[in-house]
Structures are given as structure tokens and as C-alpha cells.
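The values are calculated or read from the model by the stated rules, or taken from the named source; none is laboratory data. Being a predicted model, the structure only gives us computed values, none of them experimental. Neighbour counts are summed over all protein chains in view; Cβ atoms, including those assigned to glycine, are modelled from backbone coordinates with ideal geometry. Side chains included, ligands, DNA and RNA excluded: accessible areas come from the protein's heavy atoms. Shrake-Rupley method; radii C 1.70, N 1.55, O 1.52, S 1.80 Å.
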Amino acid sequence: MTNPIKIINRYIPRLGNFPQLLVCVLLLCTGCDYSPWNNPYPNEDSAKNIYYDSFPERPKHLDPVSSYSANEYVFLGQIYEPPLQYHFLKRPYQLIPLTATELPRARYFNKAGQPLEEDSDPADVYRVKYTISIKPALLYQPHPAFAKNASGKYLYHDLDPQKLENIHALSDFDTVGTRKLLANDYVYQIKRMAHPRVHSPIAGLMRKYILGLDEFAKELSEIEKDDTTSGYIDLNRFELPGARVVDDTTFEITLKQKYPQFIYWLSMSFFAPMPWEADYFYSQEGMTDKNITLDWYPVGTGPFMLSENNPNRRMVLKRNPNFRGEAYPSEGEAGDLESGILEDAGKNMPFIDTAIYSLEKESIPAWNKFLQGYYDTSGIVSDSFDQAVQFNTQGDAELTDEMREKGINLQTAVTTSSYYMGFNMADEVIGGNSERATLLRRAISIAVDYEEYISIFANGRGEPAQGPIPPGIFGNIPGEPGINPYVYEWQGDKAVRRSIEEAKALLVQAGYPNGRNKNTGKQLVLNLDSPAAGPGSKASFDWLRKQYAKLGINLVIRATDYNRFQEKIRKGTAQIFQWGWNADYPDPENFFFLLYGPNAKIDHNGENAANYKNAEFDELFNQMKSMSNSPQRQDVINKMVEILRHDAPWLWGFHPVGFSLHHEWYKNAKPNLMANNTLKYKRIEPRLRTENRTAWNQPIWWPIALVIILLIIMLLPAIISYRRKETESIL
Amino acid sequence: MPVIFITDAFIFLLVFMVSAYVLYARQHEHLRAPWHDVARRPLAMSAAIILVVYVAVGLLDSVHFHPELEATETTQAVQSTEVSSLLDLVLDDLRKNTERTYSAPLASYAFSKEMIDLPNGKQIRDYPRLKFGGVHLNNPETERLADISKHIVIGLLFGLIISLLVSTVIVFILGKSHKISFKQAINKICHNDFLVSWTAMLITMSLIIMAACIIFNLSQYYHVFGTDKVGQDVLYQAIKSVRTGLVIGTLTTLVMLPFAIMMGLMAGYFRGWIDDVIQYLYTTLNSIPGVLLIAASILLLQVYIGNHADDFNSIEERADLRLLFLCIILGITSWTGLCRLLRAETLKLREIDYVQAAQAFGVSNMSIMLRHLLPNVMHIVMITIVIDFSGLVLAEAVLSYINIGVDPSMNSWGNMINGARLEMAREPIVWWSLAAAFVFMFILVLAANLFSDAVRDSFDPRLRH
Amino acid sequence: MISYILRRIAYAFPILIGVNIITFVLFFVVNTPDDMARMQLGMKRVDDAAISKWKEERGYDKPILWNQDAEAIEKITDTIFFQNSVKLFIFDFGRSDSGRDIGYDISQRMWPSLAITVPGLILGLLAYITFGLTLAFFRGSYVDVSGVILCVVMMSISGLFYIIGGQYLIGKFFHLVPISGYDTGFNAIKFTVLPVLVGLVGGIGSSTRWYRTIFLEEMGKDYVRTAKAKGLSETRVLYHHVLMNGLIPILTGVVVILPSLFIGSLIVESFFAIPGLGSYTIDAISAQDFAIVRSMVFLGSVLYIIGLILTDISYTLVDPRVRLN
């Protein structure tokens, strides 16, 4: 027999330098330096003035006239510049000029062409004019569409598939040029809303208001039918009476009726300038096949330009060298001076050279990378909330010690959005204006405990809604006078949900004692349609069923895909559904119109998914729409809210509170839910970031060593018996 | 009043078929021998016991009915529109004792801090006591560990007593049937001397009974595997998921069997153009990536359900149809393998004397296939069924991950894992849903793998070493 | 040989047509062009005019299979099916419903997929063969028994657990590699380590067991016994004969999956945010972009068929007794 110890001794020297060898190999893999191994970016970028963020899904449209989603605005907002913008710091939200020299004022005219007072009767108003003058000498980003040769001829305006053979991306064009921003570019963009090949989500709306746009769209589609060649229509050839160029820096928009909310649209990228050169450049033959389209490669005057467009992996914004510069705001709301957010006042923006957005479809890796310092800012998903935030004894949110030690900061803001549960008012059981249905809906309104929903699914990040208007928007009344008396009662200093007993009593009145039909004894079954969404959905379904079960109602959840869900809503075959609305602009009209009768989904395919119709409400809506914010408007709004609360076409749900975290090295963070061009205000301190990243991401060695040791231990007996076998077979 | 879901019907059909097979196999030596060989393997028989326990749970969960709603003053008693199963009755406590949100296994306090109203009207933010878990304790900080240990010991003792009783009865019956005394029977058990590996079975059974007793006893006072996001007992979910796993694992094979057998036999027996057509069919189906086919079909089903929403009165019914559909579509993507094996085997068999003889005597093709070919390929079918089982249970989890698995409202391990992905990011981490799904799934798949190994070794002598 | 290959390729066409018809029917029954339009146009403020415009542009306003209004041959060609399917045969995948060039996307996303699957395959083969050979060598001993049990245990764990566990431990706790993501060129290595490792560990159970069986079968053959009887040492027999002969079934088994390496792994890629073809497909499924899904199905089928042909050829190469006819 051989002594096992001896054998171990014999083998250990041979294995002795194996771990070092492995280390060397691994080091080779990661680039042989001492910076963190898990750095997802090239190490040489660490010291650069780069901002790192993530995006959850690839943007679908980057054409400013068709983009209508927050994840696209992240990029578009930095590139395109509409005439107006929201003030970065001031609250309530305030419009200020961006490329315009001043805020345009609406001028009203009657049929005879005489000017009217601002508060005159909307019925008298025949035309509304906005005259907008833009700052002179603003330049577009460098772009091949502007490139000219020595004789002033456009270099890339006569492309064909042969010339495009070696071109795969916009960056493959050698020469770039620029040009001055002209008033015509704004007019051109408004004309594009009517372009038959461009799908502008607000075209339908704007055709109602902008003079001549409707006819213009029809005219264009006639032309497009005849024209089978390239698809490019030179919009400059046509006149649009509602949008006219006055001179190089001035243009005028004419509306057919009073629409005070119109000015808000002027801050959205639908009204950003579009140079005809770009439109022409992208519509040349062969470009679409190469993915080189306006929908994919924006061209703007903003502080940044899209230099890398790879939505499979990352999107890179680079500083636009032609950007005129803009001064950081020097005043804000109360408290901004103390918080230090005005430190950069008056300095020239933008501060960042490059912004890299990486694709992160899963929230967990994104969160972990934020904690490791590889993203500068992050939202908080419900599941990582407790790690980041705790509530102090006063019930205010504050960061946990772990976060504070890392120097992370927290920002919160009640969003201007609403998550609601809608009832299909066209449904026989739950809908309609009968006493029975109204009571039933009100009973459910009490039973579905949104306070609990917020605490479980949103970690308390939400405010239960008392009506359709979120806080921060004109018309919302805080405190006792603003509560929904059908669902809440005021106790001491807060609104308290009415007891489930009251809900049950309402249900008895409605004819469903204990959730059972008083005549047949059958249990009430209601259906909730939901587009099935990811892993979290089961929990929320279970919770919803629990809520309805409190009343004895059996809630059947029909999970389906998004298309199917939309179809049901469209046809009005859904019974109960959950949906949300994000404000386009800070005006109550943007919420009330979701319940305006003529917007009903089934009749007019509008945005009123609940198909709610109430003549009195509709009339008040029309009245409210054209009023300016005043006590009179508040009165009208109060009446409207009361009608809605009584009829309860929605469970008002809640207004989420947005929480965002950012690292110490990320400066000038202030949540602004209306503005989407906030990147230019941001400042990064790369040195601090590099130090922290290195400190937080020291590789931990022992697991590798442990695995190696375990392997050796497992192999040793094998080696021993191998030795034995060898000797045996020799014998 | 019982409700029979489509999958229930299939499950009982399956039970019926298995029983018929057992009766058939008992009378035929060529089937009895390999099964005896399986029965001699202790590992396989331990696995079989575990599988039997799972199947029992699954069967209990397959007897559905509408619970009765009691009469009120104005109305008489009617049936609820909800659907329960026998298992729900057994686990009623688990189902009803919910918390508000997460709680850790065996905890008595909630997992995260909440606002608590104190009797004096003030509010503090602290961990609230649970509504159910450890509610009998006055002072959980000091008493909980002792209490848990106490209940573990009590459960263990109960388990020991029950397993001793059951073992005694079994040994007694064994003694009777082998016509030996009880003492001899014990002796034989201790030396593992029976033809069937009773020792391993008894040990496994005792272990299961003890574990079940401990868990049962604890679950009277605590949430053994904690609670999930909306406060439901995780143990309950894991147990309810058993049926889903079993249905996917067995019905899929059941659904595909007739096609695979028929096509395989026909292709091998007739050859010529029939063979070509069948080969074309399965090559085509095989070349479509399975996941995509499943995704498309699940979407198709959703369209159907969406258009016929009123035909379904309960969530359970919708979920059940989706489950069945998933089985069918998994069956379609997986029948080709078996079909190919059967074709190859039939090609060989048809050249054998007795088939040739039967042909010469003018026996009809149909009866040759059923009488002479089918019995001789049954061992291949058998092996495929048991081997596929574990793969299918695992596949369910992966499909649920990309949202093309079972209905999100259905309890399944895949859904549990899928939900738990987000919980992993919590700090402190919520691990129990994942752990419970892991444990339940792992035990089932491991048992199935061990059992299928034994079946394969016994039925396919070529592989034996 | 060449005529055989040509015949096989010709035989592939009916299969591909079949695949095309199946997917086409499935997807167009599921998703009417209206649905696609709504999906792509977004959710806020979409009206019917926008939808019909969208359909017209993409040719989705045509009849599905048979165009009654068209002339002669155009009755068949001027339909959605013909326009969308026939081009696939010349690998012109067209544009996705969201407007991107699918062919270009595929050519870009192929490389990240390969960066995971190729190292995974090579390292996997090395590891599994080593383990399999070790177990076969120690057959019957406790190394073998415990190894096989370990394999069964590892087989019984869902792949999802390996991914979640790996990401959690190695990425989050030990800071050894980035948690997820991808980079081009040499920088890609640090991103591929973890997915490859996870794939490797996940496959150990079944592959090791399978290879062990192959080697055991080989060891039971006569020539091994003869070699041993002639006095060759156990190790020599193992390496020179068993390993070499056992490699034949293993490698021919590998050949069939070679083409599908391009497709990548659906789950691993989407967990580790690798911009390969696997995650491309998953995204397309969840975004219901059926132009992409159909292209991927077609590509998958083509690669599968190539795999089958390659397998046949490799059989003749390693075993001269097999003739193709």
C-alpha cells in the first residue's frame, strides 16, 4: 500500500504554480491592468467626460414628427429643438423660449378679420394667429445632407444604389456640411404632418386646428398616388395657409379655432425644424434599404447629435460642434439656491461631451451596474426599493445607509400621470348610467384598496387619485376640499378610504348582497382584460382578485397580448381594464379629454377607452377647454370632477411618484417631467467616478481559489487510484 | 357538482391507460421481466415512491368542483363560479392564511417595515407582526426558535410513529403474501432480500412521511416557505404547481403518441411514397425552431380565447385550455424524434420471418402493424416517455420565462421562477420562492431521471453494461 | 458525392416551402396586418387612416393568397404570401415591420452569437470529453458512481438556475466580470466569459453522461481487449484507441449543430444582454414583429438542413464503409 500523504506531496509541487498561471490568463483576458474587471466599458474611457445611462427597449421612431414615446424623447429631445421649452428649474412648469426669441402670444380674430380680446367668447373666434420669430444664426449639426462641393452643389443629392454600395451607416459619408436654421424649416415640418408617407400621431388632432392642413393632406395624398417614383414630395412647392414664412427668422401659424393648449405643443418635437435637404437626402433611392432614413438618423440644431445608432447595443450622443451654446438658468424655484443646483448658473451648456446609452432589457443587471458605478443614474424598480430607500419616522422617503455611504442622491417627484382602472361604460353589467351600475362601480371604487396597491407594488411611491387630475396640474385641489367624497372621508389630517362595510351596503342597494344577484342568487362575475406583462403580473392579478373578492365578486382576469387587448378596447368588448395616461402638457384638458364623449373609443376610435358619455360633462368640457387658468375655470373643473366622481367611470387609481437615484459625481439633477431636453444641464465629474468605481469593484479572489481547491480535492482520489491502476497494469 | 376540465379528462384517461398497461404487462412475460428488473433496483424504487407521491398530489388537484355558497335570507344556496380542487380542500388553511406581502420562511414579523398605528395614536415605522405566521407567540424574539424546534420535534415524532405503523402494515402484508412469518419478513426486509426492493421503498416512504409531518405541523403555525409579494403562502403555490408540471410532462407525450406511433409504423412498414411523405412531414416540422412554433401557437390560442371570451367562465378554465394547448404544441414539436426511432425499428422488423409470413398469409396490413409490429416497438415508446418527462418539466420553466408558457395566473414552477427573478435583486434578498420552486422541481426531475435510467437499462439490453 | 449533395439541396426546397407555408399561415392567422400596424405605430392617438397608410406602404393591403383583381400570373404573385415568402429563398429578408433591414441586422447580430456559441462548443467538448473519459476510465469505482450521480443531479437543475446563480455570484458578489452587456472586438472577451461558463456548467450533466456511455461502449469492444491482451498499458489504450474511436460519434453529433451556432441561444443571450440572433428573435416575438420571426424561422430551417447534409458527409469522411446514395 502506498501512503496517500506521500502521493499528495508528490503532486502538489506540480500543481503549485497552476493558480498563478490561471490568474495570468485571466488578466490577459481583461487587459492586464488594475482597473476593475467588471467594467463594461473600455478602461481608457474612464477619465473622459462621458455620461452613462441605459435604455430598456430600442426606440421605434426617431423622426420628430412621428415619435410619441418617452423612450424616444430621451434621444430626440437632445437633438431637435422646437421653438419653446420648459424651464428646467421653475415649478409649476413654465414655458420659455428655446429657439424662439420670445414666447408667442395668441392673437384672436373674428370673421371680419378684426382683432378680439383674449377672453372673448370662443364661438366668435374665427382665426387664431401665432407669430414666432427665431434666433438668428443657429446652425445645424454637421450632416452629409448639407455637404456641398466647391461650386456650391450638394454632394449627396444625386445618390443611387451604385454609389451607396459601400455605405452602411450615415458615418460612411466622408463629407459633412451645415447650414443656418431658417423659419422655413419649421413650416416644412408642419407640412410634413400631412405627408402621406409620414405617420404623425398628432396629425389627426392638428388637422382639426391648423388652417388648411386637412385640405393640404388630401392634396398631398392625391399627388402621392400619381407619383410612383421616389416618394419624395417637395413640400416647399406647396402653400399651407396655416403655416407661413414671414421672413428668414419669422413664421406664422394660423388656427381655425381657439385652442389655448396649442402653445404647449410648440415645445414638443412635432414642431421641431426639419431642413428640406435632410428630407430629400434620406428619400433618395436605396437609402431606405440601407436603413439610412430620417426615422433612424436625426438631424437637428440641438446641443447633441446622434453619432452612433446601434439600438441592439448602445446609442451614443456626441456634443454638436455647431451648437450655439446656451446659458445654464440662473434662477429657479424656492430652495434651488440652497440645494446647490444653481452653482452652474450662467455657465455655457452643454457640460457633457458624450452620452452613452446602453441597452438593458432586464432591470436587475441595470440596477446592479448602477450600484457598481457603471450607470450614473437609475430609477428604482419595486424590487430593489428596500435596498435603496427607507421611510423615516415622519414617513418621508430617505436613502438607506448603504446608499448614503456610496454618496448616492435621491430625487422624487409626483409624476403628471395617472394609472387608472377603467370600466367600459358600454358594457351591460358594469357600464351605463343606471342606479344599479353606478352604485356597483362606486362600491368597487371603495373596495379596491389603492393605498395597499401602492404600498405593495410601488413601495409607497404613489398618491391615491381623487379624480382625473394629478397634483401639479391646474385644477387639482390638495387637502380636504379635494377629496373624492364617494370613496374617502376626511379624518383628522388625511383622507381615509371608506370602510368595506359601506361598500357592501352600496352593493346591497345595487342589488348584489354579498356579491350575489338578489334575484338569482348567482355570484357576480366580472372580467378584467389585461395585456399580460412579464413576471410581475401574476402577483398583481392575485391582488386584484383579492380586492373584488372582498365584496364577494368573482373577478376573472383575461390576460392577453397587447394587440388583442387593444382590439377589445377598440370594439368595446372589454369590461374592466387598467390603463395609464402620461400628460402631454400641464393642462387639465389633457386629462379630461380622456372622458369626453365624442372621443369615445367604440364610436370614434378616440382616446376615451371607457366610452364614457355624459352630455353635461361634454358641454362643460368644451367650455373649460378654451378658458385660461382662472378661478372661473376652476369652478367649471370642480363641476366636471363632481360629475365624474358621481358616475365613477374610472377607479381613479393613483399618480405614481417618480424616484430617481444618481451618483455623487452626477450634478444638476432635478426631475422635470415635462422637459425632455435635460441632458444639456447635466454635469459629470469623471475623476470622482473613476475613484469610486475602483473602490467598489475590487475583484474577489477566494471563490476561484476555492473552486480550484475543490477540484483538486475531488481529483486526488482519482489520481491515487489512477496511479494504482498504472502500477497494476504494469505488474 | 364536479367540474371536469379537459386536462382532467386526459389525466384520468392516462390513469386508466396506465392501469390497463399494468394489467397487460402482468400477463406478458416479455414486459414483466424488465419491470421486475426495475423493481430490483433500490434507487429506481425510491424514485418511484417519490413519483407516486407527486402523482397523488397531482391527482388530488385534478378533481375539480364548484364549492357551494350557503343560502342567504333572500336566495337559496347556489354554486360559486369559482373552481376548487380536492387539493384546495386539503390545503385550505394554507390558501386562506395570507399575509399582506412578503414574509420570510418561518417568520413572525413581516419582511419589510411598514407604518404601524400605535394604540396611543402615534405612528412608527417598524416590522409589523404577521397576521398568521407565529401569531400564537407572545414574544417572538425569544420564543420563536424554541417554538419552531418544538414543532419540528413533534412533527418528527408523529412522522416516526406513522411511518412505523405504515411500515409494519406493509411488512405484515408482505409476510402474508409470501407466506412467511412476520419476523422472517422483517429479517428479509433488513437484509433487502425481497425480489422487489422493499427496503429502499420503505426508507424513502418513511423519510417522506416524516418530512411531510414536520412541514404539516409547522404549517399550522408558520409559513414554511414564507409568503410572496401579495402574501400568499409559497408552499401552497409550490404544491399547486405539481399538477402543472405533471400535466406538461405526461400529457404532452400522451398527445403525441398516437401520431408518432402511427406515422412511425406506417413509414417503416409501407416504405415508398408513404415513407417519403411522412419523412417530409417530420423533417419540415423538425426544421422549424421549436420555440418559435410554440410562440406562434400560443399567440394563436390567445386570439381564439380573445374572440370567444364568453365561453370561459373562470380563470381556471382559460388557463386549463392554454395548458392543454401548450401540451399539444409541445407534442407536435417533439413527436418527430420518437417517430424517427420507430420508423428505423420498423424497417428492421418488417424483414423478420414472422412478419413476412403474416404477409404471405394475407393478413391485413393494419393487423400486422397492430399485432406484430406495435408490441415489438413498445419498449422504445416506453423509454421515450420516461426520458422525455423530465425534459418537459424543465422546458415549462424556460417557456414561462419568455411568456409563452402556461397562463400567468396558473401556479407553476416556471411562473414562480419567473417571478422570483426580480426578487433576487431585493436587498435583503427574497430567496424563498425561488428556493421552493427549485426544491420541488429538483426532487421531481431527479426522481424522474433516476427512474427513467432504470427503465432504459432494463428495457434496452444493448445499453446495459 | 457531388450529385448526392445536389440532390439533397434540391430535396431541401420542398421542405423550405413547407416551412414557409406553416409559418405564414400561423402568423397571419394570429396577427392580421391591422394588428401589426397598431403594434408598430405605437399606442397613443392612432387613427384608421394611419393604419391603412402603413399597410399600403408595406404591401399588407394585398390579398393574402389569391389576388382576384390582378392579371394572369399576378393573381398569385401580387399577394402578401408571395411577396413576403419567395424573396426569402434568395435570402432577401426584406424589412422588418419596424422598418429595419433584416438582412443587415442578421449579418450584424450573427457575430455576438458566434462569440458565445463557438467558445462554448469548443470548451464544452474539451471538458465533457475529459469528464466522460475520466468516468469511463474509472468505471464501476466510486469515482464513476459519484460522478454519474452528480451528472444526474446537475441534469435535474433547470438551466435558469445556472444563469441566475452565475450572474448573482460571479457578477454581483465577486466583481469578476461585468454582469451583462457586450462590446466589440477584443473587449468582448470579458462579457463572454460568464455566458460561456454558465452554458458549459449547464451542459455538464447530460453531455458527460452521454460521452461516458459512448466511451464505455467503445471499451467493451473486442479490439480494446486485444490491445490490452497484447500488453498495452491502460492509459495508452484509452488515449489511442478508445478516445479516437469514441470521437467519431461525438464529432458527427457535433456537426449537426454546427450551423445552428449562428442562431445562438435564446435564453442566455437575453439574460446577458448579448445582441445576438437569439435575443433578436426573442425581442421580435415579444414585439410581435413577424417579419423578423419569419425570417429567423426560415434561417433556422436552412441551417438545420445544412446541418443534416453536413452530418451525412461527415459520416462518409470518418467511416469509409458508408456510401452516399
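Per the conditions (1) within 24 Å of A:GLU567 (Cβ to Cβ); (2) open to solvent by less than 30 Å² (accessible area, probe 1.4 Å); (3) touching a residue at least 60 places away in the same chain (Cβ under 8 Å), the sole criterion not satisfied by B:GLU317 is (2).
For region B:72-94, indicate whether the set of residues that are among the aliphatic types (A, V, I, L, M), more than 30 Å from B:GLU316 (Cα to Cα) and either loosely packed, with under 14 Cβ neighbours inside 10 Å or within 14 Å of chain A (Cβ to nearest Cβ) (or both) is non-empty. Among the residues of region B:72-94, not one is among the aliphatic types (A, V, I, L, M), more than 30 Å from B:GLU316 (Cα to Cα) and either loosely packed, with under 14 Cβ neighbours inside 10 Å or within 14 Å of chain A (Cβ to nearest Cβ) (or both), which makes the answer no. Only a single item in (1) exposed (fewer than 14 other Cβ atoms within 10 Å of the Cβ); (2) farther than 24 Å from A:PRO350 by Cβ; (3) more than 30 Å from the chain's Cα centre (by Cα) is not met by A:PRO136, and it is number (2). Candidates in region B:105-124 are the residues that are of a type in the set (A, V, I, L, M) and assigned to a loop (DSSP other than H, G, I, E, B); of these, the one that is most open to solvent (accessible area, probe 1.4 Å) is B:LEU118. Take C:LEU169 and decide whether it is within 14 Å of chain B (Cβ to nearest Cβ) and open to solvent by 50 Å² or more (accessible area, probe 1.4 Å). Against the criterion (within 14 Å of chain B (Cβ to nearest Cβ) and open to solvent by 50 Å² or more (accessible area, probe 1.4 Å)), C:LEU169 qualifies. Every listed requirement among (1) open to solvent by 30 Å² or more (accessible area, probe 1.4 Å); (2) at the interface with chain B (Cβ under 9 Å from one of its Cβ atoms); (3) β-branched (Val, Ile, Thr) is met by A:ILE477 save one, (2).
Give the residue, chosen from A:GLU165, A:GLU222, that is part of a helix (DSSP H, G or I) and open to solvent by 50 Å² or more (accessible area, probe 1.4 Å).
Values: A:GLU165 fails: part of a helix (DSSP H, G or I).
After applying the criteria, what remains is A:GLU222.
For residues in region A:467-497 being aromatic (Phe, Trp, Tyr) and in a strand (DSSP E or B), which is modelled with the highest pLDDT? Across region A:467-497, the extreme among qualifying residues is A:TYR488.
Of all the criteria given as (1) open to solvent by 10 Å² or more (accessible area, probe 1.4 Å); (2) under 30 Å from the mean Cα position of the chain (by Cα); (3) of a type in the set (Ser, Thr, Tyr), the one not satisfied by A:SER434 is (2). Among residues of region A:288-311 that are within 11 Å of chain C (Cβ to nearest Cβ) and under 19 Å from A:PHE271 (Cα atoms), those with a beta-carbon under 7 Å from a residue that is in a strand (DSSP E or B) and open to solvent by less than 30 Å² (accessible area, probe 1.4 Å) at least six positions away or on a different chain give the pairs A:TRP296/A:ASN309.
When each of A:LEU240, A:LEU235 is tested for being open to solvent by less than 10 Å² (accessible area, probe 1.4 Å) and touching a His at 6+ places or on another chain (Cβ under 9 Å), the lone residue that passes is A:LEU235. Starting from residues that are touching a Pro at 6+ places or on another chain (Cβ under 8 Å) and of a type outside the set (D, E, K, R), keep the ones in region A:56-73 and report whichever is surrounded by the most Cβ atoms within 10 Å (Cβ to Cβ). Among residues in region A:56-73 that are touching a Pro at 6+ places or on another chain (Cβ under 8 Å) and of a type outside the set (D, E, K, R), the one surrounded by the most Cβ atoms within 10 Å (Cβ to Cβ) is A:PRO64.
The set of residues from region A:34-55 being open to solvent by 30 Å² or more (accessible area, probe 1.4 Å) and within 11 Å of chain C (Cβ to nearest Cβ) comprises A:ASN43, A:GLU44, A:SER54.
Filter region B:118-133 down to the residues that are within 12 Å of chain A (Cβ to nearest Cβ) and at negative phi and list them by number. Break it down stepwise before answering.
Keep residues of region B:118-133 that are within 12 Å of chain A (Cβ to nearest Cβ), which gives B:118, B:121-128.
Matches in region B:118-133: B:LEU118, B:LYS122, B:GLN123, B:ILE124, B:ARG125, B:ASP126, B:TYR127, B:PRO128.
Residue count for region A:36-83 satisfying the condition of being closer than 29 Å to A:ASP584 by Cβ and in a helix (DSSP H, G or I): 10.
For region A:512-526, check the following and say yes or no: at least one residue is in a helix (DSSP H, G or I) and open to solvent by 20 Å² or more (accessible area, probe 1.4 Å). Before you say what the answer is, go through the steps one by one.
Of the residues in region A:512-526, the ones in a helix (DSSP H, G or I) are A:513-515.
Narrowing further to those that are open to solvent by 20 Å² or more (accessible area, probe 1.4 Å): A:513-514.
So far as region A:512-526 goes, yes, one or more of its residues are in a helix (DSSP H, G or I) and open to solvent by 20 Å² or more (accessible area, probe 1.4 Å).
Take region A:562-579 and flag every residue that is more than 8 Å from every other protein chain (Cβ to nearest Cβ), open to solvent by 30 Å² or more (accessible area, probe 1.4 Å) and either farther than 27 Å from C:ASP34 by Cα or under 23 Å from the mean Cα position of the chain (by Cα) (or both). If you could, list the steps in order and put the result at the bottom.
Of all residues in region A:562-579, those more than 8 Å from every other protein chain (Cβ to nearest Cβ) come to A:565, A:569-572, A:574-579.
Of the ones still in play, those that are also open to solvent by 30 Å² or more (accessible area, probe 1.4 Å) are A:570-571, A:578-579.
If the condition is that a residue be more than 8 Å from every other protein chain (Cβ to nearest Cβ), open to solvent by 30 Å² or more (accessible area, probe 1.4 Å) and either farther than 27 Å from C:ASP34 by Cα or under 23 Å from the mean Cα position of the chain (by Cα) (or both), then A:GLN578, A:TRP579 are the ones that fit.
Consider region C:137-165 and keep the residues that are surrounded by 18 or more Cβ atoms within 10 Å (Cβ to Cβ) and away from chain B (no Cβ under 12 Å). The one that is nearest to A:SER54 (Cα to Cα) is C:GLY147. When A:ALA559 is tested against (1) under 31 Å from the mean Cα position of the chain (by Cα); (2) at the interface with another protein chain (Cβ under 9 Å from one of its Cβ atoms); (3) small (Gly, Ala, Ser); (4) more than 26 Å from B:LYS229 (Cβ to Cβ), only condition (4) is not met.
Check A:PHE323, A:PHE370 and return the single one that is more than 23 Å from C:SER96 (Cα to Cα) and either in a strand (DSSP E or B) or within 11 Å of chain C (Cβ to nearest Cβ) (or both).
On the way: A:PHE323 fails: either in a strand (DSSP E or B) or within 11 Å of chain C (Cβ to nearest Cβ) (or both).
A:PHE370 is the lone residue from the list that is more than 23 Å from C:SER96 (Cα to Cα) and either in a strand (DSSP E or B) or within 11 Å of chain C (Cβ to nearest Cβ) (or both).
Screening the candidates A:VAL316, A:VAL381 for the property of being surrounded by 17 or more Cβ atoms within 10 Å (Cβ to Cβ), within 27 Å of the chain's Cα centre (by Cα) and within 12 Å of chain B (Cβ to nearest Cβ) yields one hit, A:VAL381.
Can you name every one of the helices (runs of 4 or more DSSP H) wholly within region A:615-731 that holds 2 or more residues which are without any contact (Cβ under 8 Å) to a residue 12 or more places away in the chain and within 14 Å of another protein chain (Cβ to nearest Cβ)? Talk me through it step by step, then tell me what you get.
Values: elements: A:615-625, A:631-647, A:686-696, A:702-730.
Helices (runs of 4 or more DSSP H) meeting the threshold: A:702-730.
Determine whether region B:404-427 contains at least one residue that is facing another protein chain (nearest Cβ under 7 Å) and more than 27 Å from A:ASN368 (Cβ to Cβ). Yes, the conditions are met somewhere in region B:404-427.
Among the residues of region B:1-16, the ones that are part of a helix (DSSP H, G or I) and touching a residue at least 40 places away in the same chain (Cβ under 8 Å) come to 9 in all.
Among the residues of region B:170-220, those that are crowded, with 20+ Cβ neighbours inside 10 Å and within 30 Å of B:SER108 (Cα to Cα) comprise B:ILE209, B:CYS213, B:ILE214, B:ASN217, B:LEU218, B:SER219.
Here's the yes/no breakdown for (1) at pLDDT 90 or above; (2) under 26 Å from A:GLU405 (Cβ atoms):
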| site | (1), (2) |
| --- | --- |
| A:PHE281 | yes, no |
| A:VAL299 | yes, no |
| A:GLY302 | yes, no |
| A:ARG314 | no, no |
| A:ALA334 | no, no |
| A:LEU337 | no, no |
| A:GLY340 | no, yes |
| A:ALA366 | no, yes |
| A:ASP383 | no, yes |
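Among the residues of region C:211-233, what is the count of those that are buried (at least 16 other Cβ atoms within 10 Å of the Cβ) and in a helix (DSSP H, G or I)? Break it down stepwise before answering.
Initial filter on region C:211-233 (buried (at least 16 other Cβ atoms within 10 Å of the Cβ)): C:211-219, C:224, C:227-228, C:232.
Still in the running and in a helix (DSSP H, G or I): C:211-219, C:224, C:227-228.
Residues in region C:211-233 being buried (at least 16 other Cβ atoms within 10 Å of the Cβ) and in a helix (DSSP H, G or I): 12 in total.
Restricted to region B:17-54, and to residues there that are assigned to a helix (DSSP H, G or I) and of a type in the set (Lys, Arg), the residue that is least open to solvent (accessible area, probe 1.4 Å) is B:ARG32.
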